[in-house]
Amino acid sequence: MRRLLKLPVSLMIVCGIVILAEGPLFAAVPYPSFSFDAWGQRVVCPAPYEPIMMIDGFDILQEDRWSLTGYSVVPLSQPQGLAVDAKDRLYIADMGNNRVVVYDTQFNYVRSIGDSSGPGRLSRPQGVFVHDDGRIFVADTGNSRIAVFSSEGNFIQAYGKPASQIFGVDYRFAPVALAVDHRGTLFVVTEGGYRGLVQLTASGEFLGFIGGNQAGFDFLWVLKQLLFTEEQLSREARRLPRSPSSVTIDHQGLIYTTTISTNHAQIKRFNIGGVNTLPERDYGDRFFRTGVSMFTGVVVNEKGLITAVDANSGQVFQYTPSGDLLFVFGGRSIAAIERMGVIHQAAGIAMRSDGLLVVSDSRSNTLHVFQPTEFAQLVHEAVFLFEEGKYDQSAQYWQEVLRRNSNFDFAHRGLGMAAYQNERFQEAMDHFYLAQFGDGYSDAFWWARRAWLLEHFDTVLIVLAGLWLGYQAIKRLFFGHWRKPKRDWYQVNRLLGDLMHAKMVILNPSAGFYDVRWSNRGSWSSALIIVLLAFAAKLFSLYYTNLIFLSVDRNRINLAYEAMTFVLPWLIWVIANYLVSALKEGEGRFKDVFIASSYALVPYILIMIPLTIFSNVMTNYEATVYYFFKNAALIWCGLLFFVMVYTVHNYEILEAIPNCVLSIIMMVVIGAIGGLVIGMTFNVTDFALGLYKEVIFRVF
């Protein structure tokens, strides 16, 4: 009997051990992994890469005649750029030790390059590149040159500062990274290289600059140019474009660069003409970083997948060849501890042919080796087939990806493309909608709409003709001899009359606003109803506009936020315009401004509600029509606000223009003061709460 009881107990213990043993498999990944949805919000996903090794260089031995053993251990010090050759050997620009370190495929130390005396001695190398023929190119920053070594580590030659007038005498040549194409052309990143990559021939001749960044628009600098003298401008710091921080090249010869200290277009891909072929957007994680992104390395594998690392956040980002984000993983630890997979100061990145990813950490003097998980391998294969246009073949991989992570939006996009290719347009629309992919949804909907019209076109014509004939018959039989009396809505109901006065405002704005001021048209109640109707029209457009024209995620709509961004600005306008007009001898009362400003919102109600309904039968081909009416509603409202100002306050048109400008400035001032008051209120509340807790803790 006791033996029978021991059996289930033993099974329970074994199961518990198995469960506990599986726990560290997830706990061993010391970082979150996620992707972004179509609206830029985080979506948690399984870890695409897991850390398997941390290299610190304590296996590197160097001859030392003063040591008893004849050698000493010289670990890595501030490792920077990384490179991998055709045999998957790893090359490390070990800046702190003035050398390049070579590891074999098993991450065993092989040799050091450039740390001996002679012409090949390196000084603060920051970048390394291995050519297909085995030559090793080193960005020898301290010596202001590119040093070239053979595959055995023997010094061959060096590229110094180009002797070209176009390059410039004062332009600094301090290489920090480089890439070499199959023809031997060098693309060099230099410190402070605001002109872009330095392009050199195999013989060292200067070809020009490529891949430069734009300085961007600076309103303060424009004002300085308008107001400062030439002498004052000469003393101002020059506003120069940001320099690239790293460079790599793919098997097609396309050049990839990263840029630090910017949150826009941090990764670029240049064709032979120097044109960026990647979308220019924010490639970083705005929720995790502090300040601006610091992308310090980028690598591209044979399938075209782009992987980059951000030194600001310690995160690794992986994108499709089209620039769509697949994964984000990694991150800096709050505590300054050395842990496998936790990157404190990312400096370089490399990828082997077997998918292993290596990231250098210059702060902890280590390298982190990451291995792709089964989930990542599925996604990679699906993306490769997807980019090749083999949608049917990629579908089975996408289905498996969704089985493991149902929130992976890109999988729905892939399945949508497979259905679209096979003319299953409704299925494609369903997948594109789940992925919130407006362009794909528009294309599938266009074909679905076309098929429906071809099938039911005769029925539609008959129904429309029947409705028109019925309307004409009813009109002639019942209303043909009746003269429609002009109804005074104010005799029916005062509130109804105030609401119907909106018709007068639309048809004759000056007369309508004049009646508000001098004939007591409108009321507080009617104004509030109109404002609420306008807000309801906004909410209706947010919830029911076609995905193609949607600008927000309807699943994350915050009613309080929407009210703050719609009703509150309108109310601040009323207050600001009344205050400015009171100072500028305006004749309108606060009540008049309040009521008249509500009537100015009527065009928004009249246009946006039907436009929202019709948007659901429109595609991108009719986008011009949609945005025309949407902009027309806003412009119409703006014109009514302007007419309201010069009518209610009895201004001339030229007097109303500065009044509107000052009212807008006053709105900004009121908003700033309100934000400051709210912020101080929260601070005082937090202080009082903290003081209360401290007193309770100390006294009681």
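Tabulated results
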{"quantity": "Val359 without any contact (Cβ under 8 Å) to a residue 12 or more places away in the chain and of a type outside the set (Lys, Arg)", "calculated": "no"}
{"quantity": "Residues located in segment 515-537, provided they are buried (at least 20 other Cβ atoms within 10 Å of the Cβ) and not aliphatic (A, V, I, L, M)", "calculated": "Arg517, Arg521, Gly522, Ser526"}
{"quantity": "Residue within segment 417-435 that is closer than 30 Å to Leu325 by Cβ, of a type in the set (Ser, Thr, Tyr) and either more than 43 Å from the chain's Cα centre (by Cα) or part of a helix (DSSP H, G or I) (or both) present", "calculated": "yes"}
{"quantity": "Scope segment 387-403; condition in a helix (DSSP H, G or I) and more than 16 Å from Leu434 (Cβ to Cβ); matching residues", "calculated": "Glu387, Tyr391, Asp392, Gln393, Ser394, Gln396, Tyr397, Glu400"}
{"quantity": "Matching residues in segment 195-205 - criterion: being among the hydrophobic types (A, V, I, L, M, F, W, C) and surrounded by fewer than 17 Cβ atoms within 10 Å (Cβ to Cβ)", "calculated": "Ala202"}
{"quantity": "Close pairs (7 angstrom Cβ cut-off, 6 or more residues apart or separate chains): touching a residue at least 24 places away in the same chain (Cβ under 8 Å) in segment 651-670, basic (Lys, Arg) anywhere", "calculated": "Asn659/Lys584"}
{"quantity": "Of all residues making up segment 584-609, the number that are surrounded by fewer than 16 Cβ atoms within 10 Å (Cβ to Cβ), at negative phi and not aliphatic (A, V, I, L, M)", "calculated": "4"}
{"quantity": "Near pairs, Cβ below 7 angstrom, 6+ apart or cross-chain, from segment 455-473 (in contact (Cβ under 8 Å) with a residue 60 or more places away in the chain) to any residue that is surrounded by fewer than 10 Cβ atoms within 10 Å (Cβ to Cβ) and outside any helix (DSSP H, G or I)", "calculated": "none"}
{"quantity": "Selection within segment 315-368 - assigned to a strand (DSSP E or B) and of a type in the set (Gly, Ala, Ser)", "calculated": "Gly330, Ala346, Ala347, Gly348, Ala350, Ser360"}
{"quantity": "Count of segment 56-75 residues which are within 30 Å of Val189 (Cα to Cα) and in contact with a Leu (Cβ under 7 Å, 6 or more places away or on another chain)", "calculated": "2"}
{"quantity": "Failed criterion for Thr624 (all others in (1) of a type in the set (Val, Ile, Thr); (2) in contact (Cβ under 8 Å) with a residue 60 or more places away in the chain; (3) assigned to a helix (DSSP H, G or I) hold)", "calculated": "(2)"}
{"quantity": "Identity of the residue in segment 73-106, among the hydrophobic types (A, V, I, L, M, F, W, C) and surrounded by fewer than 17 Cβ atoms within 10 Å (Cβ to Cβ), that ends up modelled with the lowest pLDDT", "calculated": "Val73"}
{"quantity": "Leading residue by the ranking (modelled with the lowest pLDDT) among those in segment 44-71 that are exposed (fewer than 13 other Cβ atoms within 10 Å of the Cβ) and not in a loop (DSSP other than H, G, I, E, B)", "calculated": "Glu63"}
{"quantity": "Residue in segment 265-323 that is surrounded by the fewest Cβ atoms within 10 Å (Cβ to Cβ), counting only those that are in contact with a strand residue (DSSP E or B) (Cβ under 7 Å, 6 or more places away or on another chain) and of a type in the set (Ser, Thr, Tyr)", "calculated": "Thr277"}
{"quantity": "Output for segment 538-551, where each listed residue is in contact with a Phe, Trp or Tyr (Cβ under 7 Å, 6 or more places away or on another chain) and more than 21 Å from Glu622 (Cβ to Cβ)", "calculated": "Lys538"}
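For every residue, the table says whether it meets (1) surrounded by fewer than 17 Cβ atoms within 10 Å (Cβ to Cβ); (2) under 25 Å from the mean Cα position of the chain (by Cα); (3) of a type in the set (A, V, I, L, M); (4) not assigned by TED's automatic domain parsing to the domain that holds Asp56.
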position	(1), (2), (3), (4)
Glu338	yes, no, no, no
Gly341	no, yes, no, no
His344	no, yes, no, no
Ala347	no, yes, yes, no
Met351	no, yes, yes, no
Leu356	no, no, yes, no
Ser364	no, no, no, no
Leu367	no, no, yes, no
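Matching residues to (1) under 27 Å from the mean Cα position of the chain (by Cα); (2) modelled with pLDDT under 90:
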{"residue": "Phe149", "(1), (2)": "no, no"}
{"residue": "Ala158", "(1), (2)": "no, no"}
{"residue": "Val180", "(1), (2)": "no, no"}
{"residue": "Val189", "(1), (2)": "yes, no"}
{"residue": "Asn213", "(1), (2)": "yes, yes"}
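Yes or no, residue by residue, for (1) over 15 Å from Tyr194 (Cβ atoms); (2) modelled with pLDDT of 65 or more; (3) surrounded by 12 or more Cβ atoms within 10 Å (Cβ to Cβ):
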| position | (1), (2), (3) |
| --- | --- |
| Leu223 | yes, yes, no |
| Thr229 | yes, yes, no |
| Gln232 | yes, no, no |
| Pro244 | no, yes, yes |
| Tyr256 | yes, yes, yes |
| Thr262 | no, yes, yes |
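So that you can scan it fast, the table gives a plain yes or no per residue for (1) of a type in the set (S, T, N, Q); (2) in contact with a helix residue (DSSP H, G or I) (Cβ under 8 Å, 6 or more places away or on another chain); (3) at pLDDT 90 or above:
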site: Met644; (1), (2), (3): no, yes, yes
site: Thr647; (1), (2), (3): yes, yes, yes
site: Leu654; (1), (2), (3): no, no, no
site: Cys660; (1), (2), (3): no, yes, yes
site: Ile673; (1), (2), (3): no, no, no
site: Val677; (1), (2), (3): no, no, no
site: Met680; (1), (2), (3): no, no, no
site: Val684; (1), (2), (3): no, no, no
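The values are calculated or read from the model by the stated rules, or taken from the named source; none is laboratory data. These numbers were taken from a predicted model, which means no experiment stands behind them. Note: ideal-geometry Cβ built from the backbone for every residue, glycine included; neighbour counts use all protein chains shown.
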